[in-house]
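For reference, the structure is listed below as structure tokens.
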Amino acid sequence: MKDLLKISWRNIWRNIVRSGIVITAVALGVWALIFMLGFTTGMINNYISSSIRLKTSHIQIHNPEWLDDPLVKNNIGLDEKLKRFLQNSDSIASYSPRVKIYGTVASAHSTRGVEILGVDIEKENMTSGLEKEISDGEKFSESEYPKPLMIGAGLMEELKLKVDSKVILNFSGGGGNIQSVAFRIQSVYS
């Protein structure tokens, strides 16, 4: 064993250029792997954190029928008993009732399928900090619009819109009828 190590050590230094290239290649490969693992792990953790904070929160309560058929009629009523429980529970930091439906948004230039969220902005800010994500326009708390609308920056670009543009949201209402409601864009979510 001792002789084998001696021969191996001599072989490494017999051709210094070759050994330097191999050592450098291995070091760069290990460094690149560690960098990519760290980068990917950070990106995944950031995505999970953002999804929890802005999309699902830590817990959601649904009507079991909504998961099979996401229509307004399958919402969960926020009665007084449930409100008191959510407000008075020591283990709940905040809650935000949401209405989530699917529909289309139409502008003068185009129409796109969208997920529409209706929120109580004060409670939503306590739960997700939504107003911190506004990149353009004004906060809902400063709104002069009777029906303020926040739109994603990517969708806004696709539809060729700007703050104060008018859009039409089309969605299935509580009775199953198609509703068309006009809104003005107040703020942009990034």
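The values are calculated or read from the model by the stated rules, or taken from the named source; none is laboratory data. Every value quoted in this text rests on a predicted model; they were computed, and no experiment measured them. Cβ placement follows ideal geometry from the backbone for every residue including glycine, while neighbour counts extend to all protein chains displayed. These accessible areas exclude ligands, DNA and RNA; they are computed on the full protein's heavy atoms, side chains included. Shrake-Rupley method; radii C 1.70, N 1.55, O 1.52, S 1.80 Å.
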*asked:* Taking loop as defined by DSSP and a crowding limit of 16 other beta carbons within 10 Å, which trypsin sites (Lys or Arg not before Pro) in region 83-190 fit?
replied: Lys139, Lys160, Lys162
*Mind listing the phi-derived Karplus ³J(HN,Hα) values for region 12-27, rounded to whole Hz, using 6.51, -1.76 and 1.60 with θ = phi - 60°, and x for any glycine or proline?*
4, 8, 5, 10, 5, 5, 4, 5, x, 5, 5, 5, 5, 4, 5, 5
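Can you send over the carbon and sulfur percentage of the accessible area for the chain, probe radius 1.4 Å, protein chains only?
Carbon and sulfur: 60 percent of the exposed surface of the chain.
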*Once the whole set of protein chains is in place, how much accessible area is left on Met36, using a 1.4 Å probe, in Å² to the nearest 10?*
100
*Note down the nm distance, to one decimal, between modelled labels 7 Å out along Cα→Cβ at Ile121 and at Val163.*
1.3
*asked:* Which lysines, if any, have their Cα less than 16 Å from the Cα of Lys55, not counting same-chain residues under 8 positions apart?
replied: Lys100, Lys123, Lys132
_Rounded to the nearest 20 debye, dipole of region 77-168 from Cβ charges on Lys, Arg, Asp, Glu_ = 300
_Calculated FRET efficiency for the pair Leu33/Gln60, C-beta based, R₀ 41 Å, to 0.05_ = 0.65
*Rounded to whole Hz and in sequence order, give me ³J(HN,Hα) for region 63-69 from the Karplus expression 6.51 cos²θ - 1.76 cosθ + 1.60, θ = phi - 60°, writing x for Gly and Pro.*
6, x, 6, 5, 5, 7, 9
*Roll a 1.4 Å probe over the protein heavy atoms and report the accessible area of Asp79 in Å², nearest 10.*
80
*Quick one: which residues, 5+ away or cross-chain, put their amide H under 5 Å from the amide H of Leu159? H built at 1.01 Å from N.*
none
_Per-q log10 I(q)/I(0), region 59-190, q = 0.11, 0.12, 0.15, 0.17 Å⁻¹ (Debye; single scatterer per alpha-carbon; no solvent)_ = -0.45, -0.54, -0.83, -1.03
*So what is the accessible area of the chain per residue, in Å², with the probe set to 1.4 Å?*
72
*Tell me, what is the 1.4 Å probe accessible area of Val114, in Å² to the nearest 10?*
20
*So, in nm, how far is label Thr104 from label Ser91 when the simple model puts each one 7 Å beyond its Cα toward the Cβ?*
4.5
*Two-site label geometry, Val26 and Leu82: point separation in nm, points 7 Å out along Cα→Cβ*: 6.2
*Can you list residues whose amide H is under 5 Å from Gly152's amide H, if they're 5+ apart or on another chain and H is modeled 1.01 Å from N?*
Tyr189
_Selection from Leu67, Leu28, Ser107 lying farthest towards where the dipole of the chain points positive, charges on Cβ_ = Leu28
